[in-house]
1. Going through 66, 23 one at a time, which residue ends up being in contact (Cβ under 8 Å) with a residue 40 or more places away in the chain and aliphatic (A, V, I, L, M)?
2. In region 1-16, which residues are more than 8 Å from residue 40 (Cβ to Cβ), modelled with pLDDT of 95 or more and hydrophobic (A, V, I, L, M, F, W, C)?
3. Tell me which residues, restricted to region 61-78, are surrounded by 13 or more Cβ atoms within 10 Å (Cβ to Cβ) and more than 12 Å from residue 10 (Cα to Cα).
Amino acid sequence: MQTVFVQIRCKPGTTYDVAFNIVLKEIHAELYSTSGEYDLLVKLIIPEGEDIGRYINERLCDVPGVERTLTTMTFKAF
């Protein structure tokens, strides 16, 4: 499994709707609202063998109100 963090910028006024729709999909390990350039931070645990880009595009980026994402790959937890 691969753990990735995805920052999400939402269209103005849609942050809570975007978060609610992500929760309904049950694809996240953790989901936070954030301050700054992005509105949400989601921790995803991608199943082994899945194409990470395709997984994110097909399960996260299709949520209405998502304007932009920034994905951070992780390597080792300390």
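1. 66
2. 4, 5, 6
3. Scanning region 61-78 gives a single hit, 71.
The values are calculated or read from the model by the stated rules, or taken from the named source; none is laboratory data. These numbers were taken from a predicted model, which means no experiment stands behind them. Methodologically, a virtual Cβ is constructed for each residue, glycine included, from the backbone with ideal geometry; neighbour enumeration extends over all protein chains shown.
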